[in-house]
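Everything below concerns the one structure shown next.
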Amino acid sequence: MSKRTDAYFRGIPTKPYDLLREGLVVLLIVVVAVIALAAAFSSPDYPTVRAQDVATRQPIAFLETSAGILAGDSSIQDYGPPYTHNAASSQNLFGVAPASWFGVRDPIDPRRDFILKPLQRVAVFNADVARALARYEAASPLQQQAWLTAYRSALGKATVVNDQVVLPAADYGPVSALMSGMLALGRSGLLEGALESNARLPFTLDLTRSLLFFQDNVDHNVAAKLDMLGEQWGVSHETGAYPGAWWLLPYVFLYQVRPMSSSSSGDLQVGVIMSLFFLLTVLAPFVPVVNRLPRWLRVHRLIWRDWYARGRPRKGGSGPPPVETGG
C-alpha cells in the first residue's frame, strides 16, 4: 500500500482476508450442490404452453379465447399504454401514471391483430375462410355482435367428436367458419408466426402478441394448477413444490398485503415501495436513526470478538495493537 494509505489505516485493527481462496471455496460448494440437486431432482421446468397444444388438446378453450377476442372482451382492449391509448386505465400512484409518460409504444388492436389479420393469411389458401371474412367485415357491428353472442353461447354446449368441435344448430353467420379457420391455424403450429408477423428482424425476438393471446384464461388456468398465480406466491417458487426466485419474496409478500393485493395499480405500488427500500439501503449512512443501527445492534463486536477479547480500547483510539494483515 502507499504511504498515504498506511498513514490512514495506522492504529486501525485489520484482519487477514484471502479473497481468491474464499471465491474458489464458494465456487466449489455451489458446483457440488448444483450437480447433486440436479441429479436428485432433475429439472422442474414446465413445457411451454403453445397455441398448437391448446388447439389440439383443448379446442373448445381455444375457440372461446378466439371468439372472446373477436367480440372485444380481451383485457388488452382497454389496457392503456403501451398497448392502447386508454390512458385512464394506466396504473397510477396519487394521480401519477408513469406508463403514460412514454405513450403507446406497441399499439395493439386485439380484434384485428389477434384474429382478423391471422385469418387474412388463412384466407389466401382457404376459400371458405375468405368468403366468411368478407361477409363478416361487410356486416354492421350490431350484426357481428349478434353472431358472436350466439356462437359464444353455443360453445358452452359444444362437444368434441373425432377432433371436430360440434355446436348446436343455430345461425352463427360467418363466425363459425372464421373460428374453424383460427382452430386450423392453431393446430398447424403457425399461429404464433401469424401473430408476430410485424417483426422487422429475420428472427422474431418479440413474442408479446403470442404471450398476450392466451393470458386471459388459458395461461391463467395453467398457472393456477401449478400454484404460480400471484395470490399463490407463485413468483417465488418454480412449478410445483420446487423453490424458485427466492430473491423476489419481498415483492410477492407485498402483493399479499392491502392495498396492493386489491388495487388495480398494485404493480406500480409494489415497484415504488421496493425502489424506496433500495434507496434506503444505498443511502443508509446518511439517513438519521438508520445510520446509528450498527452501534445499537453491535454486530461488529461479534465479528471482531477476538479484538475486543484483548481488552476494552481506551479513549483516544489507543488499545491493543492491531492484527497484522497477511496475503
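Here is a list: ALA55, ALA130. Which entry is assigned to a helix (DSSP H, G or I), aliphatic (A, V, I, L, M), free of Cβ contacts under 8 Å to residues at least 24 places away in the same chain and crowded, with 17+ Cβ neighbours inside 10 Å?
Of the residues listed, the single one that is assigned to a helix (DSSP H, G or I), aliphatic (A, V, I, L, M), free of Cβ contacts under 8 Å to residues at least 24 places away in the same chain and crowded, with 17+ Cβ neighbours inside 10 Å is ALA130.
Give me the residue from the stretch 7-34 that is among the β-branched types (Val, Ile, Thr) and modelled with pLDDT under 90 and, out of that set, surrounded by the most Cβ atoms within 10 Å (Cβ to Cβ).
Selected residue: THR14.
Would you confirm, using the coordinates I've provided, whether ALA184 is touching a strand residue (DSSP E or B) at 6+ places or on another chain (Cβ under 9 Å) and either among the aliphatic types (A, V, I, L, M) or more than 24 Å from TYR79 (Cβ to Cβ) (or both)?
No.
In the stretch 149-194, which residues are without any contact (Cβ under 8 Å) to a residue 40 or more places away in the chain and among the acidic types (Asp, Glu)?
Selection gives ASP171 alone.
Considering the stretch 64-83 alone, what residues qualify as being within 20 Å of the chain's Cα centre (by Cα), hydroxyl-bearing (Ser, Thr, Tyr) and crowded, with 19+ Cβ neighbours inside 10 Å?
At the first step, the residues of the stretch 64-83 found to be within 20 Å of the chain's Cα centre (by Cα) are 74-83.
Restricting the remaining residues to those that are hydroxyl-bearing (Ser, Thr, Tyr) gives 74-75, 79, 83.
Across the stretch 64-83, the qualifying residues are SER74, TYR83.
It is to be established whether one or more residues within the stretch 242-256 are modelled with pLDDT under 80 and either within 30 Å of ALA97 (Cβ to Cβ) or in contact with a Lys or Arg (Cβ under 6 Å, 6 or more places away or on another chain) (or both).
yes
Within the stretch 98-108, which residues are buried (at least 18 other Cβ atoms within 10 Å of the Cβ) and part of a loop (DSSP other than H, G, I, E, B)?
Within the stretch 98-108, ILE108 is the sole residue that qualifies.
Going by the conditions given, is ALA39 aliphatic (A, V, I, L, M) and over 28 Å from GLY271 (Cα atoms)?
It is true that ALA39 is aliphatic (A, V, I, L, M) and over 28 Å from GLY271 (Cα atoms).
Here is a yes/no grid of residues against (1) over 20 Å from GLY193 (Cα atoms); (2) of a type in the set (A, V, I, L, M, F, W, C):
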site: ALA40; (1), (2): yes, yes
site: GLN52; (1), (2): no, no
site: ILE60; (1), (2): yes, yes
site: ILE69; (1), (2): no, yes
site: ASP73; (1), (2): yes, no
site: SER89; (1), (2): yes, no
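Being hydrophobic (A, V, I, L, M, F, W, C) and under 23 Å from GLY80 (Cβ atoms) is the filter here, so list the residues in the stretch 246-300 that pass it.
Within the stretch 246-300, LEU254, MET260, LEU268, VAL270, VAL272, ILE273, MET274 qualify.
Filter the stretch 84-96 for residues that are touching a residue at least 40 places away in the same chain (Cβ under 8 Å) and in a loop (DSSP other than H, G, I, E, B); which is nearest to PRO110 (Cα to Cα)?
By that ranking, first place goes to GLN91.
Can you find even one residue in the stretch 279-299 that is surrounded by 10 or more Cβ atoms within 10 Å (Cβ to Cβ), more than 30 Å from LYS15 (Cα to Cα) and in contact (Cβ under 8 Å) with a residue 12 or more places away in the chain?
For the stretch 279-299, residues surrounded by 10 or more Cβ atoms within 10 Å (Cβ to Cβ), more than 30 Å from LYS15 (Cα to Cα) and in contact (Cβ under 8 Å) with a residue 12 or more places away in the chain: absent.
Does the stretch 274-285 contain at least one residue that is aliphatic (A, V, I, L, M) and on the phi > 0 side of the Ramachandran plot?
No, the stretch 274-285 has no match at all.
Those residues that are closer than 23 Å to SER265 by Cα and of a type outside the set (A, V, I, L, M, F, W, C), I need them from the stretch 90-124; list them, please.
Residues satisfying the conditions are SER90, GLN91, ASN92, GLY95, PRO98, SER100, GLY103, ARG105, ASP106, PRO107, ASP109, PRO110.
The values are calculated or read from the model by the stated rules, or taken from the named source; none is laboratory data. Predicted model, so just to flag it, every value in this text is computed and none were measured. All Cβ positions, glycine included, derive from the backbone under ideal geometry; neighbour counts span all protein chains shown.
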